[in-house]
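Working notes, structure below.
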Amino acid sequence: MTNMKNKIFFGAIALATIVGTTSCGDSFLEEEANHKITDALLETGEGAKAMAAGLYGNIRWHFGYEWAYGITLYGTDEFTNGADLTAEPWNTYDNRLGPLDCTPANGAANKNCPPVSGLWNQMYYGISTANLVISKADYITDEDSRNKAIGEAHFLRGYNYYRLFAQYGGVVLRTEPIPADQAIVSNYTRASEEETLNLIISDFEAAYNMLPTNKWRGNGTWTKYTAAHFLAKALLYRQSERCAAWNGKYLAETDLNRVVTLANEVIAACPLEKDYNNLYANWTGVDCPIESSKEILMAAEHNGDGSTGGRFGNRTYNYFNPQFSNFSGGWVQRGQYIGGMDFQRCRPTEYAYAIFDNVNDSRMWKTFKTVYGMNNYNKLSDDVKAMGVTDEQAPQLGDAGIMFILNKKDDPRFQDESTYGTFGRGAVAHSFVNPETNKWVPNVFPVYLGGQYVLNTYGVSGNPAQSNVFCGINKTDDGSRTAEKGDAHRDVIMARSGETHLVKAEALVRLGKYEEAIAAVNVLRARAEWKQGEDREYYVDGSIAFENNTTASATLGKCKDAAGVKINNKTAYEYSFIQKNTYYLSTGIEKTTAASSLQIANSDQLPAEDEAILALLGVTDKKQRLIHFILNERTRECLGEWNRWEELSRTKTLVQRAKAFNPEAEPNVKEHHNLRPIPQTFIDMLQNADGTNLSDEAKDAWQNPGY
């Protein structure tokens, strides 16, 4: 794996020499003017192969900064904003989300708001490079190496156009390098959605035919199965609602049967992990075994070598934790010994909790982090003692400092505060004592109380629309960081065969094969079931990588013991990382090690959680019921995995589901938000063929409707 990542790095250096690193509007699709050097490098087999390796560096961009979640997770049914408003326009769809990049000058909370032009520019940078590889691949004399390089270039070009298409619709298509003697190009034609998607399908088809089945470069290599997965997704897209205006000329049965065939090929060759924990939670450090999982089809590779981190590195560990260092009252302090930073960007919606069967679905408990250990000593306040909490019930270092109770709306134990006492954060006196330990918990929050959703009401601001209190997910946690705000070192999974099962299931629904679709989903649900003998309270996440952290002996944080003496990182880790969840407190069931069942008997008997969602949405048509069911299953299986906005846009359910489940998006989201605005920086540099500037009317014609 290390060899693969070094190849990516040195290939990326070659790319920087060849095509430059700028991505401003006036350099769109433009190679650097040093084509004599470029041609000299490329017109060797080794140069072309190095450039093909460098293609992998382009995908790291997706996870280097705030756009990672802003363009993929915000404004959907699954996530809304916390109290931090860095990327707020992407979630609220207010008038700041427009053709101009949102900056402090036009309403952004700070300079880090994801730019509308970001994806557009970066994807074309990779497309330009892919075009160069394809055009120069004949210089690779070895046929096997040549086919691999061409296959990789077709895959990246197809993938980048897929991302552009999903966000913007029809875009500019370029399949050849700009000639070396050509001036800056500023006259382009925008392709239709149909033309754009068909090029994507063609590129993925070429990659599927040319890439080998083995990971010949090491972990992270794009293979035939990677291409098959995305080819299946592209064909499914063509038969989805967003393409309904023109897809009638493509026989649905042909496309969808091909989707099923491709999915079956991927599923057979890339089996599911037996334990959902082995996808994300059991991450023990750089290049650890779970990064070699056969289930992983595509990943943005990272390691501990700072020189290979790329322009931004991996920043995804920042975005899914609540702001515990702010709200906890000093009982829980942050540091690299806790796998995630508490930037509290992505706050799960009520839907994201409610859609899980909290008794039988282990994915809930292997995804949400419900307990933080107390790592900084405090004393009980007089206000807390006045509520009946005794000194013997005072928590000590290593006891629970924060607990989230993932209960159900109708749980009789939480219809009032008579069962467990009162709840709240560290700065607000409350009386909850953990019945399992007889210790007062400084911060404790149920999802529901009195039949009402209350988790969003405990935040410091008091504003439910901007709460910094929520139960976050653990899929990006990284305890290998050597600084509190240092780069993460773990790979970021971009596609896996778990999703392939859902692609297959949706294709079967669209073919009218409803029972086969349920059978396909049941395979995923079987993995999610508790196994006989499994400890349902056991919890693990990527914080565990801190056990081998080189900063373990350092005293870097604010954590202190009862004597007021600072404790080192290793001790803070041991106190912070409690490998236990709130399963039994949240469910109220008796302790058990029996197996559970999530199997669905037939397409007319969907789980209670799904029926509640379908009723709220008012969906009654059977086909639509099952499409929404698969979207629900996507949440349970793929929560936070960087593609929710695109999936809702594709199925034209974005507005419906955002209005129903995202209170911050509800007032503004409209049908035109199924596409993003074309960046104004690009439109403003366009010219007519004769070199004159576009008229205002011509510029308007380039823009997506509604912007």
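The values are calculated or read from the model by the stated rules, or taken from the named source; none is laboratory data. Bear in mind the structure is a predicted one, so any value in this text is a computation, not a measurement. Heads up, the Cβs are rebuilt from the backbone with ideal geometry, glycines too, and the neighbour counts pull from every protein chain shown. Quick note on the areas: whole protein, heavy atoms, side chains included, nothing else; ligands and nucleic acids left out. Shrake-Rupley method; radii C 1.70, N 1.55, O 1.52, S 1.80 Å.
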Checklist entry - Would a scan of segment 230-237 turn up a residue that is touching a residue at least 40 places away in the same chain (Cβ under 8 Å), touching a Ser or Thr at 6+ places or on another chain (Cβ under 8 Å), open to solvent by less than 10 Å² (accessible area, probe 1.4 Å) and outside any loop (DSSP other than H, G, I, E, B)? => result yes
A careful count of residues in segment 338-352 that are over 15 Å from the mean Cα position of the chain (by Cα) and under 30 Å from Gly557 (Cβ atoms) gives 5
Going through (1) within 30 Å of Lys652 (Cα to Cα); (2) of a type in the set (A, V, I, L, M); (3) exposed (fewer than 13 other Cβ atoms within 10 Å of the Cβ) one by one, Leu606 fails only at (3)
Within segment 537-550, residues touching a helix residue (DSSP H, G or I) at 6+ places or on another chain (Cβ under 8 Å) and either among the polar types (S, T, N, Q) or surrounded by fewer than 20 Cβ atoms within 10 Å (Cβ to Cβ) (or both) come out as Glu537, Val540, Ser543, Glu547, Asn549
Exercise. State whether the residues of segment 616-627 include one that is part of a helix (DSSP H, G or I), in contact with a His (Cβ under 8 Å, 6 or more places away or on another chain) and touching a residue at least 24 places away in the same chain (Cβ under 8 Å).
Key: yes
Checked against (1) in contact with a helix residue (DSSP H, G or I) (Cβ under 8 Å, 6 or more places away or on another chain); (2) over 30 Å from Ile627 (Cα atoms); (3) at pLDDT 95 or above, Ile589 satisfies every condition except (1)
Notebook entry, point to check: Does segment 197-206 contain at least one residue that is open to solvent by less than 10 Å² (accessible area, probe 1.4 Å), touching a Lys or Arg at 6+ places or on another chain (Cβ under 7 Å), under 30 Å from Ala53 (Cβ atoms) and not aliphatic (A, V, I, L, M)?
Noted result: yes
Before we move on, is Glu529 modelled with pLDDT of 95 or more, open to solvent by less than 20 Å² (accessible area, probe 1.4 Å) and of a type in the set (D, E, K, R)?
no
Counting only residues in segment 573-603 that are of a type outside the set (A, V, I, L, M, F, W, C) and without any contact (Cβ under 8 Å) to a residue 60 or more places away in the chain, the one surrounded by the most Cβ atoms within 10 Å (Cβ to Cβ) is identified as Gln579
Just one listed residue, out of Tyr159, Tyr168, is within 29 Å of the chain's Cα centre (by Cα), open to solvent by 10 Å² or more (accessible area, probe 1.4 Å), of a type outside the set (A, V, I, L, M, F, W, C) and under 26 Å from Trp642 (Cα atoms), and it is Tyr159
Only unsatisfied item for Lys379, checking (1) farther than 30 Å from Ala299 by Cα; (2) open to solvent by less than 60 Å² (accessible area, probe 1.4 Å); (3) among the basic types (Lys, Arg), is (2)
If we ask which residues in segment 364-416 are of a type in the set (Phe, Trp, Tyr) and under 31 Å from the mean Cα position of the chain (by Cα), their number turns out to be 4
Does segment 551-572 contain any residue that is surrounded by fewer than 17 Cβ atoms within 10 Å (Cβ to Cβ) and in contact with a strand residue (DSSP E or B) (Cβ under 7 Å, 6 or more places away or on another chain)? yes
When every residue in segment 91-147 that is of a type in the set (S, T, N, Q), in a loop (DSSP other than H, G, I, E, B) and more than 23 Å from Ala658 (Cα to Cα) is compared, the one nearest to the chain's Cα centre (by Cα) is Asn112
Restricting segment 660-707 to residues that are in contact (Cβ under 8 Å) with a residue 12 or more places away in the chain, assigned to a helix (DSSP H, G or I) and acidic (Asp, Glu), the one least open to solvent (accessible area, probe 1.4 Å) turns out to be Asp684
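Could you list, in sequence order, all residues of segment 475-491 that are surrounded by fewer than 24 Cβ atoms within 10 Å (Cβ to Cβ) and of a type outside the set (Gly, Ala, Ser)?
To start, the set of residues in segment 475-491 that are surrounded by fewer than 24 Cβ atoms within 10 Å (Cβ to Cβ) comprises 482-487.
Scanning segment 475-491 gives Thr482, Glu484, Lys485, Asp487.
How many residues does segment 150-194 hold that are in a helix (DSSP H, G or I) and either modelled with pLDDT under 95 or under 28 Å from Ser240 (Cα atoms) (or both)?
We begin by selecting, within segment 150-194, every residue in a helix (DSSP H, G or I); these are 150-168, 193-194.
Keeping just the survivors that are either modelled with pLDDT under 95 or under 28 Å from Ser240 (Cα atoms) (or both) gives 151-168, 193-194.
The total comes to 20.
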All-but-one check, Phe343 against (1) within 30 Å of Glu666 (Cα to Cα); (2) of a type in the set (Phe, Trp, Tyr); (3) open to solvent by less than 40 Å² (accessible area, probe 1.4 Å), failing number (3)
Of the listed residues (Thr571, Thr551, Thr593), the one being out of contact with any Ser or Thr (no Cβ under 6 Å at 6 or more places or on another chain), outside any helix (DSSP H, G or I) and polar (S, T, N, Q) is Thr593
Filtering segment 246-271 for residues that are open to solvent by 30 Å² or more (accessible area, probe 1.4 Å) and touching a residue at least 24 places away in the same chain (Cβ under 8 Å) leaves a count of 10
Note on Ser418: of the conditions (1) open to solvent by less than 10 Å² (accessible area, probe 1.4 Å); (2) at pLDDT below 95, unmet is (1)
